[in-house]
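Take a look at the structure set out below.
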Amino acid sequence: MLKPVNIIAIISITAAFTSFAQMRSQTHEDHTPINKNGYRVVVSQHCQQVLEAPLSAEQVDSYLIMKQQSEKMNTLERPIQKISAKMSELGNQIEALTQQAYVVTDGKLSMDKTLLAQQQTVSAELQQLADANKDKFTALEAQGKQLSSAAERFEALITPTIGDIKYSHVQVLAPGEQPKNTCLTRN
């Protein structure tokens, strides 16, 4: 069984991949062939564009696979977000009950058995929730591995194009798409 902490970590890690892979691009839900000409990468450093380069067909294929894997991940994450929130809530309840149940007074440890019983009940509820959703977490974990693999492949293919530029932001743009300003301004 995946522990609640591991599940939350998986969701957090995949969010990073998801945000990278959700860059605007053409979607072709009707299975229309994608024109691989015109895709390009734009690299910005300190809010200044330092590189714009076309992508090869292999790089575009890799990017589109990564994007597809990201979309699958998003689909799997939606129902798990509520489950994860409930698991976090139960975990917080367990922690609070544990802290309240054990009290040291004048150097003596005392336990409140009523609070320990409540803690056991909440722990059982958390375990039941995790067990009931094990398949969803297993699917999410497997998809996370596929997305990670696709992202690593894309990174390996794009690195020669970017070279050793120390970049702060990379955008992959579809044909005709304009770069987004990603700079944060301070007031």
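The values are calculated or read from the model by the stated rules, or taken from the named source; none is laboratory data. As the structure is a computational prediction, the values presented were derived from the model and not from experiment. Here the Cβ positions follow ideal geometry from the backbone for every residue, glycine too, while neighbour counts run over all protein chains shown. Protein only, heavy atoms only, side chains kept; ligands, DNA and RNA dropped before computing areas. Shrake-Rupley method; radii C 1.70, N 1.55, O 1.52, S 1.80 Å.
Below is a table of values for the structure above.
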quantity: Residue, surrounded by the fewest Cβ atoms within 10 Å (Cβ to Cβ), within the range 110-123, restricted to residues that are among the hydroxyl-bearing types (Ser, Thr, Tyr) and under 21 Å from Met87 (Cβ atoms); calculated: Thr121
quantity: Candidate set: the range 124-145, residues that are closer than 14 Å to Lys86 by Cβ and among the polar types (S, T, N, Q); chosen: the one most open to solvent (accessible area, probe 1.4 Å); calculated: Gln128
quantity: Members of the range 146-182 that are open to solvent by 40 Å² or more (accessible area, probe 1.4 Å) and of a type in the set (A, V, I, L, M, F, W, C); calculated: Ala156, Ile165
quantity: Test result for Pro179, within 15 Å of Val43 (Cβ to Cβ), assigned to a helix (DSSP H, G or I) and modelled with pLDDT under 95; calculated: no
quantity: Near pairs, Cβ below 8 angstrom, 6+ apart or cross-chain, from the range 44-66 (touching a residue at least 60 places away in the same chain (Cβ under 8 Å)) to any residue that is open to solvent by 60 Å² or more (accessible area, probe 1.4 Å) and hydrophobic (A, V, I, L, M, F, W, C); calculated: Ser44/Val50
